[in-house]
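Have a look at the structure below before the remarks.
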Amino acid sequence: MKTIGVLTSGGDAPGMNAAIRAVVRSAIYYGCKVYGINRGYKGLLEEDLEEMNLSSVGDIIQRGGTVLKSSRCEEFKTEEGRLKGVKILKKYKIDCLVVIGGDGSFNGANKLSEMGFPAIGIPGTIDNDLEYTDYTIGFDTAMNTVIDAISKIRDTSSSHERVNIVEVMGRHCGDLALYSGIAGGAETIIVPEMEISSDEITQRLKTTQKRGKRHSIIVMAEGVEKIGSANDLKKKLTEEAGADVRVTVLGHVQRGGSPTAFDRILASRLGSRAVELLLDGKSARVVGIRDNQIIDMDIQEALSMKKTFKKDLYEMAKVLSI
Ligand code: ATP
């Protein structure tokens, strides 16, 4: 009988609970023992873990956040820290670990595998910034949260003939801005991957104004350093296009909320596959989804893949928003 440890690490994402549930339930189904490690690698180093049973994960599939809590842990980036972690895992006779998180958390899992401790990664981040998988757990929910906010902002920006700049998360990845911008019918989408100057944005606004359209939604990803902040853009559009501009920074609201059906199903499939891989004696793998098929891949290979931006979708959005 194997003993599996599971933790969530890095930024939390809706659907992480569904993944924990899938890991715990499939592991128990196959006769394994499971330990839930609280607060990611930090909790591991502090020996904050407990055995989980079927009811530990009851009534959580619909809940946002992560019942295991999450954190960032600098100590785990050191060899000393990781040796301490492995010692604790061995103390509890844990044979292998499932890590639910983003690329940073996968780096930790990779390092553990290199030290001979089997680990599997499940992608949980709202950023959708991992190339090897079409979707990460939490992205769909975050996207729907942004779309919901855009719809509400659209109502008021239309009534008052205002321009609204909506800043969304995603760190260095523009997927959340791109997808929610398309679904929300944004007039302009600004992402870190594509060059766009504030002059061009101003020009686009003036063109729509000439057509008699006085309200506009601009979806802007965080991390677009070249054109400055949303407030810098507001200043420019106010001064040069005479627009009445408001800025809405959606912030952490994007990380919360009940996961969508898509995220719950994705998390359930990925969690089940992760356990199957561990039972097959696999290590240093990550699970993901491609063309609606659950796949697994070498963790280092997955981490070495550079995220490609869907330029075709970006160009299409430009056409649809003339
Ligand atoms: P998200 O991008 O959604 O915030 P993430 O998993 O990428 O998620 P990070 O803060 O990058 O978030 O990483 C989470 C934790 O993973 C870190 O705090 C650290 O404990 C561990 N980690 C990151 N990089 C390494 C590394 N190179 N070696 C060991 N552990 C690491």
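The values are calculated or read from the model by the stated rules, or taken from the named source; none is laboratory data. Computed from a predicted model, the values in this text were never measured in an experiment. Reconstructed Cβ throughout: ideal geometry from the backbone, glycine too, with neighbour counts over all protein chains shown. In case anyone asks, the SASA skips ligands and DNA or RNA and just uses the protein heavy atoms, side chains included. Shrake-Rupley method; radii C 1.70, N 1.55, O 1.52, S 1.80 Å.
Which one of the conditions (1) assigned to a helix (DSSP H, G or I); (2) open to solvent by 50 Å² or more (accessible area, probe 1.4 Å); (3) among the small types (Gly, Ala, Ser) does residue 157 fail to meet, given that it meets all the rest? Every condition holds for residue 157 apart from (2). Which pairs have Cβ atoms under 6 Å, sit 6 or more apart or on different chains, and link a residue in the stretch 299-311 that is under 13 Å from residue 194 (Cβ atoms) and not assigned by TED's automatic domain parsing to the domain that holds residue 277 to one that is open to solvent by less than 80 Å² (accessible area, probe 1.4 Å) and of a type outside the set (Val, Ile, Thr)? What qualifies is 309/193.
Filtering the stretch 5-15 for residues that are modelled with pLDDT of 95 or more and away from the ligand (no atom under 16 Å from the Cβ) leaves an empty set. When the stretch 108-118 is limited to residues that are in contact with a helix residue (DSSP H, G or I) (Cβ under 8 Å, 6 or more places away or on another chain) and farther than 14 Å from residue 298 by Cβ, the one that is farthest from the ligand (Cβ to nearest atom) turns out to be 117. Just one of (1) aliphatic (A, V, I, L, M); (2) in a helix (DSSP H, G or I); (3) touching a residue at least 40 places away in the same chain (Cβ under 8 Å) fails for residue 247. It is (2). Residues of the stretch 136-154 that are of a type outside the set (Gly, Ala, Ser) and part of a loop (DSSP other than H, G, I, E, B): 136 alone.
Of everything in the stretch 46-78 that's within 9 Å of the ligand (Cβ to nearest atom) and among the acidic types (Asp, Glu), which residue is most open to solvent (accessible area, probe 1.4 Å)? Out of the qualifying residues, it is 74. Name the single residue that is nearest to the chain's Cα centre (by Cα) among those in the stretch 64-120 being under 24 Å from residue 173 (Cβ atoms) and among the basic types (Lys, Arg). This residue is 72. In the condition set (1) crowded, with 20+ Cβ neighbours inside 10 Å; (2) modelled with pLDDT of 95 or more, residue 307 is compliant with all but (1). Note on the stretch 79-107: residues that are in contact (Cβ under 8 Å) with a residue 60 or more places away in the chain, open to solvent by 10 Å² or more (accessible area, probe 1.4 Å), more than 12 Å from the ligand (Cβ to nearest atom) and not acidic (Asp, Glu) amount to 2.
With respect to residue 112, is the statement that it is more than 26 Å from residue 252 (Cα to Cα) and in a strand (DSSP E or B) true? Spelling it out, it is not the case that residue 112 is more than 26 Å from residue 252 (Cα to Cα) and in a strand (DSSP E or B).
Summed over the stretch 269-291, residues that are open to solvent by 30 Å² or more (accessible area, probe 1.4 Å) and not in a loop (DSSP other than H, G, I, E, B) total 7. Counting only strands (runs of 3 or more DSSP E) that fall entirely inside the stretch 1-101 and contain at least 1 residues that are of a type in the set (Lys, Arg), the qualifying elements are 33-37.
Residues that are open to solvent by 20 Å² or more (accessible area, probe 1.4 Å) and within 24 Å of residue 252 (Cβ to Cβ) within the stretch 12-40 comprise 12, 21, 38, 39, listed in sequence order. Residues considered: 130, 176, 205. Of these, the only one that is assigned to a helix (DSSP H, G or I), within 16 Å of the ligand (Cβ to nearest atom) and out of contact with any His (no Cβ under 6 Å at 6 or more places or on another chain) is 176.
For the stretch 133-152, the set of residues classified as in contact with a Gly (Cβ under 6 Å, 6 or more places away or on another chain), away from the ligand (no atom under 15 Å from the Cβ) and open to solvent by less than 10 Å² (accessible area, probe 1.4 Å) consists of 150 only. Screening residue 43 with (1) more than 14 Å from the ligand (Cβ to nearest atom); (2) surrounded by fewer than 24 Cβ atoms within 10 Å (Cβ to Cβ) gives one miss only, at (1).
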